[in-house]
Structures are given as structure tokens and as C-alpha cells.
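Worksheet: the structure to be examined is printed underneath.
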Amino acid sequence: MTGDNRIKLACQGVWKLFGNGEREFLSRHGDSVDDEALKRAGLIGAVRDVNLDIGEGEIFVIMGLSGSGKSTLVRCLSRLIEPTAGRILFNGEDLLAAREAELIDIRRHKMGMVFQHFALLPHLTVLGNVAFPLEVQGVARRERESRAREIIKLVGLEGRERYFPRELSGGQQQRVGIARSLAVEPELWFLDEPFSALDPLIRREMQDEFMRLQNVLHKTIVFITHDFDEAIRLADRIAIMKDGRVIQVGTPEELVIAPATDYVAEFTNHIPRAKVLTLGSIMRPSSSAAYAERFHADERVADVAVRFDAGNVYAVVNAGGDVVGEVTRDDLVEVFMGRRDG
């Protein structure tokens, strides 16, 4: 997240305990809660004292193994389930203080949600499914269908407006789910394992489609996954969870280069460094050499390596186009050989 990004969503000291007397338990123990205390009280600590800031326009990935608390956390963030304690701020306003009618209005107009199971309405066509949230809002038929057609085109399903879900492939059904969540033009987009039920090739295609959509729409996105390969493809930043706690937050590059714990290191040790390291992290100070080509500092080594020739020197530039360093093919080879870690 860049320093000038406005915070779109924040959680402060968020807990979610399951069991009887959970609020009284927390009031007695405060933040000093260990596994033994929870076990004695007959409670499950699904989310424990989580603090996060998510910037406007950011793709923020929350990941962890099954049971780590990531899906529970995202349901707390959207208030699909009630946190036991803490604050959740959306545009600076505490969602936990919102009345039921206010919360429904926020979900209908400002939040989009996509889950692993598509949950399409089988009796409605593609057009009907995508337009359905607008129908709930009371939008007139002509307007809601016009907007739905625009979104259907955006996700690559133009021409299939009259198809029913049973007539679509899994990837196409997920596109309908994505289109439906975008129909309300949400400010905040929650996606919980949206591609995990798809075959690997279709999953890769959907990741590409997701990135294309984000380049067009610039949404604030909270994306849940257990797959680190998927996370590094999509994320601006990643939060890794274990046993309900956030262990580390950082860019994919930061998590790989400087894991905070052995647990984080285990998540990242199988990832080829070339997939994660950027040119900015391996560049040397610029010289007066004539540069064969210019590359942005945030481009990843694996994505640009094929364009590098032996003997040439390449400029690394910042977002403003200023030269901030240089790299050669030998520098990239060092990364591929595992001899460079940024």
C-alpha cells in the first residue's frame, strides 16, 4: 500500500470467539488469551486481536491454511457474522455501530461479495442473475438490464445473456457470480476462495480475468486464498494468518525476503524467487551506460527475463519514468540460480 492511499477498510482489535460467555471471557482476560484459557472456557478462538488497514484501490490478500481464521475474518469485516470485540471502520465509520437497516443499505450499494460456491439462481438467466441485486434495490427493469449487459460484456460473457446456469461451464458460472457482485458498483469487493473449485487451467484464466477487471475498475479488494502462488500473482499486500492471528503483513516480496517467523518461511520456501523479486529489489546504481530498454521497478524478474539479452544493460525506472537503477541479464540469472535474494 502506498503511503498516500486513503484507508478504505480497517479493523482494530477484532476478536471472534465461538462458545458461551465469550464476551464476558474477553472482558476478564483482555488481550492476554492463550490456548489453555480458551480450552478451559470451552471457547474457540477463530479470530484473535486482528489489526489491519486496507488502502483504497488495494488488492489485499488474506491467506492461511484451513482453519486459520481467514474466512471467519472476512465475514467479520462484512458483518455477515458479529465480531466478539473490536472495531471495523469502513470509510472511517464503525460498521459495528451501524443499525441493521444501515448495514443492509451498505451491503446493497457499497459492497460486493463472491464466494467459492457460485450460488447462482438456477431459474434465472445470466442476465437475470446479474441484474438481480439491482432488482432488490428497486432499480427499474430497463435500467438494471442495461447495466447488467454492460457488466456481462466486461466479464467476457456477451452473447450468453439468455443462458441458464446449467448451460454454462464452471468458469463461466464464476464469471456470472463476479458480474453479479459488480452490478451494484461496489466500493469494497470481498472474494473468498473464488477460484478454488475450478480446474487449474480455468483458475489461471480467471486470475488473468480478475487482474484485467481490476485494471479497469480499481476496486478495493479483500481476497481470501490458501494458495501462495495465487496470492503473489494478485496481491499488493498479503496478510498471513495462523490460529486466528495475523502473523505478518507485507508485499509478496517482503514475505519471501524477510519472513517474520518460521511459519511464514514455510509458506514461501517453495516459491521461486524470480516469481516474487522485482527489478527494483535487485537493481544496481545507474551508470552513464546506453540502455537497451527501460523496465519499471515493480516488474517481476520472471515476467521480463525473456526480454533480456546478454551484454546489454537495462534501465530500471520509477512510476514517473525516472531512471533509478540498472540491471543486466547476469543479475536475473543470479536470481534464477537462487544466489540473489534481493
Next item on the list: Would you confirm whether any residue within region 216-234 is over 14 Å from the mean Cα position of the chain (by Cα) and either assigned by TED's automatic domain parsing to the domain that holds Leu65 or among the aliphatic types (A, V, I, L, M) (or both)?
Entry: yes
Checklist line | region 32-67, residues that are under 26 Å from Gln207 (Cα atoms) and in contact with a His (Cβ under 8 Å, 6 or more places away or on another chain) | finding: Gly57, Met63, Gly64, Leu65, Ser66
Item checked: Of all residues in region 63-99 being part of a helix (DSSP H, G or I) and of a type in the set (Gly, Ala, Ser), the one that is nearest to Lys110 (Cα to Cα) -> Ala97
Note to self: Going residue by residue through region 167-176, is there one that turns out to be surrounded by fewer than 19 Cβ atoms within 10 Å (Cβ to Cβ), of a type outside the set (S, T, N, Q) and in contact with a His (Cβ under 9 Å, 6 or more places away or on another chain)?
What the structure shows: no
Notebook entry, point to check: Quick one: is Val114 aliphatic (A, V, I, L, M), touching a Gly at 6+ places or on another chain (Cβ under 6 Å) and either outside the structural domain of Ser66 (by TED's automatic domain parsing) or closer than 30 Å to His226 by Cβ (or both)?
Noted result: yes
Note to self: Which residue is nearest to Gly170 (Cα to Cα), if the candidates are limited to region 189-205 and must be aliphatic (A, V, I, L, M) and modelled with pLDDT under 85?
What the structure shows: Leu198
Notebook entry, point to check: So is Asp331 out of contact with any Ser or Thr (no Cβ under 8 Å at 6 or more places or on another chain), surrounded by fewer than 16 Cβ atoms within 10 Å (Cβ to Cβ) and not small (Gly, Ala, Ser) or not?
Noted result: no
Margin query: Criterion first (in contact with a Gly (Cβ under 8 Å, 6 or more places away or on another chain) and either under 13 Å from Ile152 (Cα atoms) or not in a loop (DSSP other than H, G, I, E, B) (or both)) does Met206 satisfy it?
Written below: yes
Checklist line | Cβ-Cβ under 9 Å pairs, at least 6 apart or on other chains, region 137-161 side farther than 24 Å from Ile106 by Cα, far side of a type in the set (Ser, Thr, Tyr) | finding: Leu157/Tyr163; Arg160/Thr125; Glu161/Thr125
Next item on the list: Output the number of residues of region 1-25 satisfying the condition of being crowded, with 16+ Cβ neighbours inside 10 Å, at pLDDT 90 or above and over 19 Å from Leu80 (Cα atoms).
Entry: 2
Check: Which one of Phe60, Phe25 is outside any loop (DSSP other than H, G, I, E, B), of a type in the set (Phe, Trp, Tyr) and not assigned by TED's automatic domain parsing to the domain that holds Ala265?
Finding: Phe25
Note to self: Based on this model, can you work out whether Val313 counts as modelled with pLDDT of 95 or more and either surrounded by 15 or more Cβ atoms within 10 Å (Cβ to Cβ) or of a type in the set (S, T, N, Q) (or both)?
What the structure shows: no
Notebook entry, point to check: Name the pairs: first residue in region 259-278 and of a type in the set (A, V, I, L, M), second residue at pLDDT below 90 and not in a helix (DSSP H, G or I), Cβ to Cβ under 6 Å, at least 6 apart or on different chains?
Noted result: Leu277/Gly342
Checklist line | One residue from Thr261, Thr278 being of a type in the set (Ser, Thr, Tyr) and surrounded by fewer than 19 Cβ atoms within 10 Å (Cβ to Cβ) | finding: Thr261
Checklist line | Conditions (1) without any contact (Cβ under 8 Å) to a residue 40 or more places away in the chain; (2) closer than 28 Å to Asp208 by Cβ; (3) in a helix (DSSP H, G or I): number failed by Glu102 | finding: (2)
Note to self: Can you tell me which residue is surrounded by the most Cβ atoms within 10 Å (Cβ to Cβ) among those in region 42-74 that are touching a strand residue (DSSP E or B) at 6+ places or on another chain (Cβ under 8 Å), under 19 Å from Asp192 (Cβ atoms) and not aliphatic (A, V, I, L, M)?
What the structure shows: Lys70
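The values are calculated or read from the model by the stated rules, or taken from the named source; none is laboratory data. Given the structure is predicted, the values throughout are model-derived calculations rather than measurements. Using ideal geometry, Cβ is built from the backbone for each residue, glycine included, and neighbour counts are taken over all protein chains shown.
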